[in-house]
1. List, in the order given, every pair from 105/450; 239/466; 310/461; 349/418; 105/333; 310/333 whose Cα-Cα distance in the structure shown is over 23 Å.
2. Can you sort 109, 362 by solvent-accessible area, 1.4 Å probe, largest first?
3. Quick check: at a probe of 1.4 Å, how many percent of the accessible area of segment 269-316 sits on carbon and sulfur atoms?
4. Could you order 226, 339 so the one with the most accessible surface comes first? Probe is 1.4 Å.
5. What order do you get for 284-290, 214-220 when each peptide is scored by the mean count of other beta carbon atoms within 10 Å, highest first?
6. Arranged from highest to lowest average of other beta-carbon atoms within 10 Å per residue, in what order do the peptides 246-253, 235-242 appear?
7. Residue separation times 0.36 nm, minus the C-alpha to C-alpha distance between residue 115 and residue 359: what's the value?
8. Listed highest first by mean packing, meaning other Cβ atoms within 10 Å per residue, what order do 343-351, 125-133 come in?
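The values are calculated or read from the model by the stated rules, or taken from the named source; none is laboratory data. The structure displayed is predicted, hence computed values, not measured ones. Here the Cβ is made from the backbone with ideal geometry for all residues, glycine too, and neighbour counts use every protein chain on show. Accessible surface is based on the protein model in full, side chains and every heavy atom, while ligands, DNA and RNA are left aside. Shrake-Rupley method; radii C 1.70, N 1.55, O 1.52, S 1.80 Å.
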Amino acid sequence: MSLTVSPHHASSRMSAKTSTAATRMRTRCASRAAPTAAHATAARATHSTHACFGARRCVKVRAASTPSSTSTEQSETYGYENFPTRDAVKESARLAAELNVRVPKNEAYQQTIRRSVTYAGVGLRSGEVELMRVRPAGAGEGRYFARVAKGTIDASSVEMNSEVTYSDEEAEDALLERVRMALSNDEEAKAETRARAAATRAEAQAKIEAPETGVAGEARARACVDAVVEDVRLSSELKGDGDFVVRGAEHLLSTLEAMGVDNCRIELEGSGEVPILDGSASSYAYDLCKIGLTPAVSSSGAEEPRMAWKLTENVMVQEGDAFMMLNVDDSTKLTYGIDFTYKSTAIDKQWESWTPTEDAPYALHIAPARNFGTLQDFVAYYRAGYIRGGLENCALVANGGEYWNAPLRLNNEPARHKLIDLIGDLSLLAEPGMSGVPVGHVVAYKAGHKLHAKFVRAVAKAAKTKVPAQIWYSGDE
């Protein structure tokens, strides 16, 4: 996932100076030592653009034989009169498949994941293959990272992004099957379908993995305020035991927080960096939907209540014209504004607001938004050594008045990605087993991880009380 700029893009969308710099970056990334065969296989992924989950399933439609026609558009959509383009057929087939995945409910009690899930991908800062395994944990343990020895995480067990190829007929069947069920008057057929779905869910629920406690003396870094490193650039950092530092955890922590995983153990094998994956929170959200959640119980086997902070006073921090503030409110609301007009008119000015208890769930509304920036900034970051891996497949790159790797997955995708970062950094306010994002209206403008860290410390010192955590998603939709 290293930055590579093709000659076509370089000649048509960049100045000669920028093109030369990008070519040098491509050469440096290509000359980097290759990872082991197992790691390379595990890290290989096709990060296709999805409207819902981003990069977990790619559906392709093979073109069927069509009558000769002078119209390219007519040939492309032959047999699909209700679809304007072949891409629309592909997208609808993909959505029909993705709709079978259920977003798990938030609960009033603490939760953890049903079973472990492993990731392999390139580190944005390290440029190396990083291995990570997210595991269940008991009530009150909270979210924490643990450094494990090389060879602990089995890369061969990583479930990679699958590519499903549909023929025209198969794509059509995928769409029509859901319509047939919706319109069918055959109650027996509907009952059979519901029974199969119930059996599938019951089988998944039976596969619950016991919490992992780790080994004595291992290096850990808790996802908490005390571990926050304030002087950061590009991504968050958490200081752990000894020389253990966790970098780039905000997308993972954001997903765990927003989807109700209060307790989990996160094992890192490598430099301590969380792999960038596709630059969004899609992979994490999809996996949580797929494996599901389960109550995180105490040592006595009892469920424990899930709590959150509610502030009783307003908080504000500011640096220049950038600011963050929390206004006392009875509900959690998050609002983010960005201004890139001086860098890119493609990004321009954007505001995005999300009320978790009222708007679409995180997995669909927020998680697909990718990391973003301008091509010139990314070139500068490579030159300075701040980043060494990723880009085209893990970031939305703007160049002047257009995006180099359009289309966007969501409206206001850059501003929504800032909400991912904000939730991830606010999650550090959690005490073990708690929700981290406080009850109240948080507004951020032109902020970054450095200002987020300053704001988190200010909120931690503010007057507040513990209240039952809000149910962000009840599963009723």
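1. From 105/450; 239/466; 310/461; 349/418; 105/333; 310/333, over 23 Å: 105/450; 239/466.
2. Details: 109 55, 362 5 Å².
Correct descending sequence by accessible area is 109, 362.
3. Working: 860 of 1650 Å².
In segment 269-316, the share of accessible area belonging to carbon and sulfur is 52 percent.
4. Numbers: 226 140, 339 25 Å².
From most exposed to least exposed: 226, 339.
5. Numbers: 284-290: 23.3, 214-220: 11.9.
In decreasing order of mean packing, 284-290, 214-220 become 284-290, 214-220.
6. Values: 246-253: 26.6, 235-242: 19.0.
Ranked from most to least packed, the peptides come out as 246-253, 235-242.
7. On the way: separation 244, 0.36 × 244 = 87.84 nm, distance 2.84 nm.
Answer, rounded to one decimal: 85.0 nm.
8. Details: 343-351: 16.4, 125-133: 22.8.
By packing density, highest mean first, the sequence is 125-133, 343-351.
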